[in-house]
Amino acid sequence: MTYTIAMAGKGGVGKTTITGMLINYLAEHSKGPILAVDADANANLNEVLGVEVETSLGDIRELVARAEDQLENPIPSSMTKQEFLQYKLSNALTEEDNYDLLVMGRTQGKGCYCFVNDLLTAQLRKIASNYEYIVVDNEAGMEHISRGILPAVDMVILVSDCSRRGIQAVGRIAELVKNLGLNPSIMKLIVNRAPEGKLDPGTMEEIQKQGLDLLGVLPHDGEIYAADCAGEPSAQLPSTAAAHSALLPLLDQLFKEAKEAQAK
């Protein structure tokens, strides 16, 4: 069965870089076919991974919706809307050696997208069965999961910076996960960019107050900062990089717990 991992956190906390490292971890540990999904409104997972993307599902959804509203008709007369969407979806899938990447994107037009969303959901469910892992880089509101467009969630990884307000933000996301009835078997917190990889007592107090399960803490990493500034894929930094080396044992622990949870 496909195992879905949802990454969530507010913008600017390093969530997408950690997502990229997680995807590379799964690939390097031969954990089966992987589908990486960029579901963040500010889509840049491809840049973190070093992948070129031509189109998003938002672009395709907009195209089909305009045909539905009879504003224009890009769909050949020999194809149904379902067939056209399936064809475009296959083109939107960026295939790499170790994973495939799909960018959700957003639509720009006004009006109802219910019909197109239903088609999109059906097509995504079809391709999801081809993968052992789906890793979804979400925005804080988890829009595509909350709408049911993406599959059910088995694991949620919350990412925050080391500020008290950052912890409060992921606390609200954790509450959203519960309110949506997602019921992941595992929900953990990673705190990123902590000075020397250590948390202030006030931040630890807030983590406990929010009822969050802390997986671990990553230090501020100058190599990631330098890669970002140079426009280089930060997820491809060597395992000796400070944040990367701190993340690896956390992922080992995380997937050990996931295996135990699946065995129950």
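Evaluated over the Cα positions of region 167-264, the convex hull gives a direction-averaged projected area, one quarter of its surface, of 7.8 nm². Against the main long axis of the alpha-carbon atoms of the chain, helix 114-128 sits at an angle near 60°. Note the angle between two axes, namely the Cα long axis of helix 81-92 and the longest principal axis of the Cα atoms of the chain, as a number of degrees from 0 to 90, rounded to the nearest 10. Its long axis makes an angle of about 40 degrees.
In the elastic network of the chain, a GNM with C-alpha springs shorter than 10 Å, the most mobile of D161, D97, D40 is D97.
Of the solvent-accessible surface of the chain, computed with a 1.4 Å probe over protein heavy atoms with every protein chain present, carbon and sulfur atoms account for 46 percent.
Computed over the chain, relative contact order equals 27 percent, with contacts defined as Cα pairs under 8 Å that lie 6+ residues apart. Rolling a 1.4 angstrom probe over the protein heavy atoms with all chains in place gives the chain an accessible area of 49 Å² per residue.
Between the helical axis of 15-28 and the longest alpha-carbon principal axis of the chain there is an angle of about 90 degrees.
Positive contributions from Lys and Arg (+1) and negative ones from Asp and Glu (-1), summed over other residues with Cβ under 13 Å from the Cβ of N130, come out at -1.
Using a Gaussian network model of the chain whose springs link C-alpha atoms within less than 10 Å, name the residue from Y133, Y99, Y225 with the highest mean-square fluctuation. It is Y225. Taking 30 Å as the limit for the C-alpha separation, the pairs K209/K256; K10/K264; K10/K81; K81/K178; K126/K259 exceed it in the case of K10/K264; K10/K81; K81/K178. Taking N as the residue count of the chain, its C-alpha radius of gyration divided by 2.2 N^0.38 Å amounts to 1.03. Looking at the chain, the DSSP beta bridges with both ends there are about 5 percent antiparallel.
Highest GNM mean-square fluctuation, the chain, Cα pairs closer than 10 Å: which of K15, K198, K126? Of K15, K198, K126, the most mobile in the Gaussian network model is K126.
The values are calculated or read from the model by the stated rules, or taken from the named source; none is laboratory data. Note that this is a predicted model, so its numbers are computed, not measured. Cβ atoms come from the backbone with ideal geometry, glycine included; neighbour counts cover every protein chain shown. Remember, those area values only see protein heavy atoms, side chains included, never the ligands or the DNA or RNA. Shrake-Rupley method; radii C 1.70, N 1.55, O 1.52, S 1.80 Å.
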